[in-house]
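Heads up: the structure comes next, in structure tokens.
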Amino acid sequence: MGNNSARGFGFNTGGGGGGGGTDTNIANSNLVSDGNYNTDLNGNNLQFKNGTSRILQMDSSTSSVTIGNSTPYTMPTARSGAIGQVLQSTDVTKGMDWKSAGYSLPFTMYYQGVDSENYFFPEPMSNNKFLAITRKSGLSDPASWNVLTSSTVRSCTLGMANKQVNISSLDFWASSLDNGGNLFPKIKVEIWKFNINEGVTTQLVPESVVSAETNATGDSNNKFYQAKGIGGTGVGDEIAATNLIMPVFRLNYDGIAPAVINVDVWINGTVHFYYS
């Protein structure tokens, strides 16, 4: 291809070809690259300016890009390591980095005398003096949900998605007190979404968006166990605008549940959403 030392960035000494011709200034006309080229800053900086005002600089000393003139900011040099993050200022000078966006919703769930491995869900708000109280569903499969629409809607204590969102994480602490002194269960929390339509009586059926499960819990209300679930990892994790959102929990004895289950459960958690 010959000597291209004079053709990087469209600066030319003449000749034909895309990027060639009589252009001697990068802004003379629209140029077409005719190959892959590398420009080594070789310890120098490359600036794009408007007169004396700097618009963009490639800084060789920090291997970074800064934008702006008198008060520039520095762009991150690597992509975000987590879903749902956005660029955000990190200080009052020039720092920019990937930070979590969106919003978090806290929740609590409590039940005295859990007696099965079925799901427990928040008490309807019309009967609820404290939003931590839950009730039995009698179901082990969300696809079999048969709770009345009125009770389901009132039990969606995480409210409604105002815009289309995804869940980036579910975090909670849980304790259990086994009143029977038998096996110690794991505690699983799920976040469900319900697609509700206006003016219909169709049975609402939940979809699980994210879940997390503790290790086997100890026999004490003073022992708490942490669990974390990561969202944004599969089909169905997106929550459409106007979907209702509900936290639920169940016990898991890994297939060796005692004949009689009598457990007090307390859960404090937070779910984090980001706009999708």
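The values are calculated or read from the model by the stated rules, or taken from the named source; none is laboratory data. Everything numeric here is computed off the predicted structure, so don't read it as measured data. We place every Cβ from the backbone using ideal geometry, glycine too, and count neighbours over all the protein chains shown.
Please specify each residue of the stretch 181-202 satisfying the condition of being in a loop (DSSP other than H, G, I, E, B), over 15 Å from TYR253 (Cβ atoms) and not hydroxyl-bearing (Ser, Thr, Tyr). ASN195, ILE196, ASN197, GLU198, GLY199, VAL200, listed by residue number.
Can ILE267 be described as in a strand (DSSP E or B) and either touching a Lys or Arg at 6+ places or on another chain (Cβ under 8 Å) or of a type in the set (Asp, Glu) (or both)? So ILE267 fails the test. Screening ASP264, ASP254, ASP237 for residues that are charged (D, E, K, R), in the same structural domain as ASP171 (by TED's automatic domain parsing) and farther than 23 Å from CYS156 by Cα leaves exactly one candidate, ASP254. Among the conditions (1) at pLDDT below 95; (2) closer than 27 Å to VAL165 by Cα, the only one that VAL92 does not satisfy is (2). Within the stretch 243-261, track down each residue that is of a type outside the set (Ser, Thr, Tyr), touching a residue at least 40 places away in the same chain (Cβ under 8 Å), part of a loop (DSSP other than H, G, I, E, B) and closer than 14 Å to LYS186 by Cα. Selection gives ASP254, ILE256, ALA257, PRO258, ILE261. Determine whether the stretch 214-237 contains at least one residue that is under 28 Å from PHE184 (Cα atoms), touching a Gly at 6+ places or on another chain (Cβ under 6 Å) and assigned to a strand (DSSP E or B). The answer is no, given that none of the residues of the stretch 214-237 is under 28 Å from PHE184 (Cα atoms), touching a Gly at 6+ places or on another chain (Cβ under 6 Å) and assigned to a strand (DSSP E or B). In the stretch 248-257 there is at least one residue matching the filter, namely being surrounded by fewer than 16 Cβ atoms within 10 Å (Cβ to Cβ), aliphatic (A, V, I, L, M) and touching a Leu at 6+ places or on another chain (Cβ under 9 Å). Checked against (1) more than 18 Å from MET109 (Cα to Cα); (2) under 23 Å from the mean Cα position of the chain (by Cα), CYS156 passes all but condition (1).
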